[in-house]
Amino acid sequence: MPNLLMRPIFALTLAALVLPAAGWAEGEATPAVTEATTPAPEFVGDAGAYLAARIAATESDYRAAASWFTRALVADPSNIGLMEGALVSDLTLGQFDTATVLAKRLQEGGVENQTALLALLTDQAKRNDYAAILADAKAGKSINPLLDGLVVAWAELGNGRMTEATAAFDKVATTKGMEVFGLYHKALALASVGDFEGADAIFSGPAQTKIQSLRRGVI
């Protein structure tokens, strides 16, 4: 049962949880595109497509950016910067399958940055491979220092280990600056396994003032 419930939580909302915290919120310049995707001086591919992709990304038009980065990659398929730009755009659009392919290509090329790890993590979650997620976390692979604890907690739940998951959520809830997120996600986790009393105790108890600072917490 937990695995079936965790599939939509990870596959559909994980990027929405992590991307804004990484500074990729809608309407903002995308760091991974504006900084990491500058092609090497020897770039001789489709310069027009590359420039169009950069402009689209700067304007947060990620659908156009993904299309233009993909076109530029046809002319220069091994360009790391172009792959990173396309990857960020695909993740922002929720196109996880395409993002995973790009992340694996980057990994094969020796590049394993935050963006690529996020795509691979999402793929693992879609396949319910929570053991791999936990193994990566144990190996020190970090998506975002502030959110790694939540990833571990949900992965423990996906593995059916509620005791370990609860402990992980509690650890996040006692981390300065992350208290409300730890409590909110713990409540969701309890509800997902049928412990509605436990979830209500968090949403309606002493922690409700903190949780209601989140729009989703109010809902």
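Looking at this structure, is TYR184 at pLDDT 90 or above, of a type in the set (Ser, Thr, Tyr), within 20 Å of the chain's Cα centre (by Cα) and farther than 29 Å from SER78 by Cβ? No: the conditions fail for TYR184.
Here is a yes/no grid of residues against (1) of a type in the set (Phe, Trp, Tyr); (2) out of contact with any helix residue (DSSP H, G or I) (no Cβ under 8 Å at 6 or more places or on another chain):
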position: LYS141; (1), (2): no, no
position: ASN159; (1), (2): no, no
position: ALA165; (1), (2): no, no
position: PHE169; (1), (2): yes, no
position: GLY177; (1), (2): no, yes
position: VAL180; (1), (2): no, no
position: LEU183; (1), (2): no, no
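When restricted to residues that are touching a Gly at 6+ places or on another chain (Cβ under 7 Å) and either assigned to a loop (DSSP other than H, G, I, E, B) or closer than 14 Å to LEU102 by Cβ (or both), segment 53-64 contains 2. Among residues of segment 78-102 being assigned to a helix (DSSP H, G or I), within 13 Å of the chain's Cα centre (by Cα) and not hydroxyl-bearing (Ser, Thr, Tyr), the one that is farthest from ALA56 (Cα to Cα) is PHE96. Looking at LEU106, is it out of contact with any Lys or Arg (no Cβ under 9 Å at 6 or more places or on another chain), buried (at least 19 other Cβ atoms within 10 Å of the Cβ), at pLDDT 90 or above and assigned to a helix (DSSP H, G or I)? When the stated conditions are applied, LEU106 passes them. Applying the condition of being touching a residue at least 24 places away in the same chain (Cβ under 8 Å) and hydrophobic (A, V, I, L, M, F, W, C) to segment 165-187 and asking which residue is most open to solvent (accessible area, probe 1.4 Å) yields PHE181.
Scanning segment 76-85 finds one or more residues that are open to solvent by 70 Å² or more (accessible area, probe 1.4 Å) and either touching a residue at least 12 places away in the same chain (Cβ under 8 Å) or in contact with a strand residue (DSSP E or B) (Cβ under 6 Å, 6 or more places away or on another chain) (or both). The residues of segment 113-159 that are of a type in the set (Gly, Ala, Ser) and assigned to a helix (DSSP H, G or I), listed by number, are ALA116, ALA119, ALA125, ALA131, ALA132, ALA135, ALA137, GLY149, ALA153, ALA155, GLY158. Got at least one residue in segment 158-175 being of a type in the set (Lys, Arg) and modelled with pLDDT under 90? No, because not a single residue in segment 158-175 is of a type in the set (Lys, Arg) and modelled with pLDDT under 90.
The values are calculated or read from the model by the stated rules, or taken from the named source; none is laboratory data. Keep in mind it's a predicted model, so treat the numbers as computed, not measured. Every residue, glycine as well, gets a Cβ built from its backbone with ideal geometry; the counts of neighbours run over all protein chains shown. Surface accessibility is based on the protein's heavy atoms, side chains included, excluding ligands, DNA and RNA. Shrake-Rupley method; radii C 1.70, N 1.55, O 1.52, S 1.80 Å.
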